[in-house]
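Undergrad: Submitted below is the structure of interest, expressed as structure tokens.
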Amino acid sequence: MCFNQCARCLGVCLCVLAALCITANTLLFFPNGETKPASDQRLSRFVSFFSGILGGGLLIFLPGIVFLGLEREDCCGCCGNHNCGKRCAMLSSTLAALIGIAGSGYCVTVAALGLAEGPLCQNSQHQWHYPFANTEAKYLLDSSSWSKCIEPKNIVEWNITLFSILLVLGAIEFILCLVQIINGLLGGVCGYCCNRQQQYDC
């Protein structure tokens, strides 16, 4: 197995997932494409935690870009030893993966909390509150209870869909960063393959 090719593939996947997380989190600010809830500060508290923009987005772009550049990185040649430099670069990529794990973990945690609490919405008495906050997320399986939210329209479906997307994407990012930690350790300890014609062994 060529460790740098695996890292490059992981880097591409992470960058795509990060872009999707940023998009999903941005959409949470505009229920049904409307700007009024955001301008009136009538959004779920967990939307403003920017879990998809910061955690699943920017903090994932960093390791993604690092993984993409591993093929050219050699730790400045590691005092003239090309093989040593490549192995050093692979080992150092695990640090970037740890940052990715922290970011994706934050994304997953906030998304789960957002799903558990449910959206901020207006009920039939024109009161704004969190009607599902104390339901232990049972409302997720009881669509008949969603009618408690009158405004914004379809806010329950909107929040469930986007927070679920963030939860899944964050979990995938977490797994991919974990895979790169293993890949980086194997690449650093057991060798580094630059291309199909050249391979370094222990």
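The values are calculated or read from the model by the stated rules, or taken from the named source; none is laboratory data. Source: prediction; values computed, not measured. Here Cβ is always computed from backbone atoms with ideal geometry, including for glycine, and neighbour counts include all displayed protein chains.
Undergrad: Quick one: would you say LYS86 is among the basic types (Lys, Arg) and either at pLDDT 95 or above or buried (at least 22 other Cβ atoms within 10 Å of the Cβ) (or both)?
TA: Judged against the criteria, LYS86 is a match.
Undergrad: Which one is nearest to GLY105 (Cα to Cα) among residues in the range 117-157 that are charged (D, E, K, R) and assigned to a loop (DSSP other than H, G, I, E, B)?
TA: GLU136
Undergrad: Please find, among ILE99, ILE160, the residue that is at pLDDT 95 or above and either surrounded by 17 or more Cβ atoms within 10 Å (Cβ to Cβ) or not in a helix (DSSP H, G or I) (or both). Full working, then the answer.
TA: Numbers: ILE99 fails: either surrounded by 17 or more Cβ atoms within 10 Å (Cβ to Cβ) or not in a helix (DSSP H, G or I) (or both).
The conditions single out ILE160.
Undergrad: Can you find, within the range 19-71, the residue that is surrounded by the fewest Cβ atoms within 10 Å (Cβ to Cβ) among those that are more than 13 Å from the chain's Cα centre (by Cα) and among the β-branched types (Val, Ile, Thr)? Reasoning before the result, please.
TA: Just the residues of the range 19-71 that are more than 13 Å from the chain's Cα centre (by Cα), to begin with: 26-49, 65-71.
Now restrict to residues that are among the β-branched types (Val, Ile, Thr): 26, 35, 47, 65-66.
Values: THR26: 14, THR35: 10, VAL47: 23, ILE65: 14, VAL66: 22.
So the residue we want is THR35.
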